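Peer 1: Before I ask anything, let me first share the structure, which is written out below as structure tokens.
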Amino acid sequence: MLQVLPVTAPDKADCLLVGVDDKRKAPGLKAFGIQNDAAAAALADANVPLAFKAVRSFPHGKGWLLLVGLGDPKKLTQEKIGTLANLGARAAGALGCKVAATSLVLDTWKDAAATQAVTQGALIGALDFDQWKSKKPETAADPTAAKKDPDAGKLQTLQVLLPAGAAGTAARKAVERALLAAEAVNDSRLLSNTPANVATPAWMAEQAKARGTKHGFAVAVKGRAELRREGFGALCGVAQGSLNEEKLVTMDYHPKGAKKTLVVVGKGVCFDSGGISLKPGDKMWEMKYDKIGACNTIALMGVLKRLGVKHRVVGITPLVENLPSGAAQRPGDIVTAKDGTTIEVLNTDAEGRLILADAMAHARTFEPDWIIDMATLTGACEVAVGPTHVAIMGNQDKFAQQLVADSRAAGDKGWHLPQGEEFDEANKGAYADLQNISLTNRAGSSIGGSFIKHFAKDTKWAHLDIASKAWTAGVDYFAKGPTAAGLRIVLQRILEE
Ligand code: BES
Ligand code: MN
Ligand code: ZN
């Protein structure tokens with residue numbers, strides 16, 4: 001796996017990655033103290049394309065010099081800088097290089113935010129979901145190389161050249177943080193991409209336990225019998241159609257002297273067929289991704305100690321499979337949630353809010369300063385905010401807006417959606433307190449959020465509907481597959497508390 005190191009000068013690098021802006025200036029050449037006639041000629045020749053995302057290679061010493069097109073420096077973002085770092089690192093690997101050094105931080109924003117973007121882009125970008133392939137792909141340079149070395153064609157180390165002085169100190173810190181953020185993101189992505197025949201609720205609970213032992217947090221797991229006995233009626237109702245029993249996992253990172261308690265809740269539907277309200281077959285396989293909120297939560301817990309987080313952080317994941325069977329919940333069933341609320345299940349496919357209802361009641365027993373949940377809750381989310389944003393809502397607008405700001409800083413963009421009485425109204429039941437779908441067809445994400453809000457009561461709460469961008473066909477530096485959307489937003493908030 002790729003390693004990212006902050007450096008003040010390159011050390012035995014066989015490749016140098018330098019940004020070139022839309023004015024065809026490459027200040028990084030000077031930062032590295034490089035003279036390369038071929039690169040200089042290319043910069044001077046307007047016929048050589050060097051636009052955003054273009055990568056051109058020039059032999060340099062015993063290795064290579066790569067010019068990476070930045071486009072208009074004023075238009076750069078976290079996502080774009082990360083994309084360039086990933087492109088550069090991959091191009092270096094494809095040329096057979098093992099150690100590259102880059103001046104991309106100096107070539108872009110020259111600060112901690114640029115360092116974060118380069119580090120995350122390179123590390124998150126380096127993950128391909130090839131662990132299930134029985135044969136590794138051939139590399140162009142040497143078709144047999146992959147057989148000898150599974151990491152053939154892959155860069156091993158990316159040295160990030162830091163700015164001088166105080167900015168350098170801040171940038172070094174940013175690398176250290178970004179390394180752990182990227183580790184959590186990749187951990188979540190690998191958990192998320194594990195198919196449902198492996199990633200059952202019990203398997204997920206084991207994954208949480210393993211991380212607890214390794215990374216210093218306590219893990220408690222409740223199973224079907226206990227959950228039924230204790231009145232988690234909404235959660236158990238969803239799970240009753242599956243032979244793979246539900247689990248409620250509570251992860252508790254509790255450092256000495258902690259003053260605040262923060263609770264993170266992640267939707268963990270290991271497979272969402274829709275239940276008796278069965279989904280259409282087209283792309284149903286994507287519903288193995290309906291556990292991404294839970295994967296994010298488990299992976300996030302794994303980095304808190306190493307980040308030196310001073311607050312108590314409790315991670316809660318309700319884990320179920322939503323399947324049809326002779327034992328499954330029927331449309332029209334009325335269940336009683338943990339907090340006593342009665343719910344008419346008008347559509348068994350609106351299961352996320354049901355399991356979250358009970359998880360929220362459990363979350364409130366910790367008397368937290370706030371609760372944030374992450375959930376692939378509604379298909380409407382992508383319609384509302386598109387595949388580039390997470391939808392953020394809550395019972396205090398100020399808190400939701402704070403999370404929008406956090407999302408920008410973290411490089412995982414989100415946008416604020418409304419909450420209010422009109423949405424609460426849509427969730428009122430005819431024969432029970434609530435019903436799990438509204439009979440209007442509008443603002444599905446806000447209505448879904450409002451259902452969860454009912455269970456937050458007077459606790460400060462925010463909801464990240466991540467269904468919009470929790471997986472991708474391939475965007476920015478993300479390979480096709482899960483993106484861990486939302487994880488970095490919540491992490492940013494925890495670090496800012
Ligand atoms: N897990 C789905 C939401 C989803 C659908 C996420 C597609 C990503 C892509 C959720 O459980 C669901 O089925 N929601 C329903 C709710 C509806 C029945 C009110 C939906 O969005 O259609
Ligand atoms: Mn569903
Ligand atoms: Zn679902």
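Read the figures in this text as sums done on the coordinates, not as results from a lab. All figures in this text were calculated on a predicted structure; none of them were measured in a lab. For neighbour counting, all protein chains shown are included, and Cβ atoms are generated from backbone atoms with ideal geometry for every residue, glycine included.
Peer 1: Please list the non-local residues whose amide H lies under 5 Å from the amide H of LEU5, H modeled 1.01 Å from N, same-chain partners needing a gap of 5 or more.
Peer 2: LEU158, GLN159, VAL160
Peer 1: For GLU425 paired with GLU496, estimate the spin-label separation in nm (one decimal), with each label point 7 Å from Cα along the Cα-to-Cβ line.
Peer 2: 3.3 nm
Peer 1: Please report the antiparallel percentage of the DSSP beta bridges confined to the chain, to the nearest 5.
Peer 2: Working: 30 of 73 bridges.
Roughly 40 percent of the beta bridges in the chain run antiparallel, per DSSP.
Peer 1: If amide H atoms are built 1.01 Å from N in the plane of the peptide, which residues on other chains or at least 5 residues away come under 5 Å of the amide H of VAL390?
Peer 2: Counting only residues 5 or more places away or on other chains, the set is GLY414, TRP415.
Peer 1: If you place +1 on the Cβ of every Lys and Arg and -1 on the Cβ of every Asp and Glu, how big does the dipole about the Cα centre of the range 3-180 come out, in debye to the nearest 20?
Peer 2: Details: 23 positive and 17 negative charges, 27 e Å.
Approximately 120 debye in magnitude.
Peer 1: Run the quick spin-label model on LEU243 and ARG330: label points 7 Å from Cα toward the beta carbon, then report their separation in nm to one decimal.
Peer 2: Calculated label separation equals 2.4 nm.
Peer 1: Helix 112-125 against the longest principal axis of the chain: what's the angle in degrees, Cα atoms only, rounded to the nearest 10?
Peer 2: 80 degrees
Peer 1: Among SER325, SER188, which comes first, second and so on when ranked by fewest other beta-carbon atoms within 10 Å?
Peer 2: Numbers: SER325 12, SER188 29.
The most exposed by this proxy come first: SER325, SER188.
Peer 1: Moving to a separate point now. Compute all pairwise cysteine Cβ distances in the chain, then list the cysteines with no distance under 4.7 Å to another cysteine.
Peer 2: CYS236, CYS270, CYS295, CYS381
Peer 1: Computed FRET efficiency, Cβ-Cβ of THR169 and HIS215, R0 35 Å: what is it to the nearest 0.05?
Peer 2: On the way: r = 27 Å, r/R0 = 0.76.
After rounding, the FRET efficiency stands at 0.85.
Peer 1: While we're on this one: What do you get for the angle between helix 78-94 and the principal long axis of the chain? Use alpha-carbon atoms, 0 to 90 degrees, nearest ten.
Peer 2: So the helix axis and the longest Cα principal axis differ by about 60 degrees.
Peer 1: Also, I was wondering about something else. Convert each backbone phi in the range 324-332 into a coupling constant with the Karplus relation 6.51 cos²θ - 1.76 cosθ + 1.60 (shift: θ = phi - 60°), then list the ³J(HN,Hα) values in order as whole Hz, x for Gly and Pro.
Peer 2: Calculated HN-Hα couplings, in order: x, 5, x, 9, 6, 5, 9, x, x Hz.
Peer 1: Still on this structure: First measure r as the distance between the Cβ atoms of ALA44 and VAL475, then evaluate 1/(1 + (r/R0)^6) with R0 = 30 Å and state the FRET efficiency to the nearest 0.05. The partial results should precede the final answer.
Peer 2: Working: r = 34 Å, r/R0 = 1.13.
FRET efficiency, ALA44 to VAL475: 0.35.
Peer 1: Report, in deg cm²/dmol and to the nearest 500, the calculated mean residue ellipticity at 222 nm for the chain, where each DSSP H run with n ≥ 4 adds -39500 (n - 2.57) and the sum is divided by the residue count.
Peer 2: -11000 deg cm²/dmol
Peer 1: Report, for the range 3-180, the % of DSSP beta bridges that are antiparallel, rounded to 5.
Peer 2: Working: 6 of 25 bridges.
Counting DSSP beta bridges with both partners in the range 3-180, the antiparallel share is about 25 percent.
Peer 1: Could you line up LYS173, LYS338, LYS75, LYS154 from fewest to most neighbouring Cβ atoms inside 10 Å?
Peer 2: Working: LYS173 14, LYS338 23, LYS75 10, LYS154 20.
Going from least to most buried by this count: LYS75, LYS173, LYS154, LYS338.
Peer 1: What does the highest-first list of 5-17, 114-126 look like by mean Cβ count within 10 Å? Mind dumping the intermediate values first?
Peer 2: Details: 5-17: 19.2, 114-126: 28.0.
So the peptides 5-17, 114-126, ranked by packing, come out 114-126, 5-17.
Peer 1: Another question, if that's okay. So for CYS270, CYS97, fewest C-beta neighbours within 10 Å to most, what's the order?
Peer 2: On the way: CYS270 30, CYS97 24.
Fewest to most other Cβ atoms nearby, the residues stand as CYS97, CYS270.
Peer 1: How far is it, in nm, from the label point at GLU367 to the one at ALA54 when both lie 7 Å from their Cα along the line to the Cβ?
Peer 2: Here the answer is 6.3 nm between the modelled labels.
Peer 1: Follow-up question, since we're still on this one. Can you pull a Stokes-Einstein diffusion coefficient for the range 194-496 at 10 °C (1.306 mPa s), Rh from Kirkwood over Cα pairs, as a whole number of µm²/s?
Peer 2: Values: Rh = 18.7 Å.
Approximately 85 µm²/s, per Stokes-Einstein.
Peer 1: Continuing with the same structure: By how many degrees, 0 to 90 and rounded to 10, does the Cα axis of helix 397-410 deviate from the longest principal axis of the chain?
Peer 2: Result, in degrees: 30.
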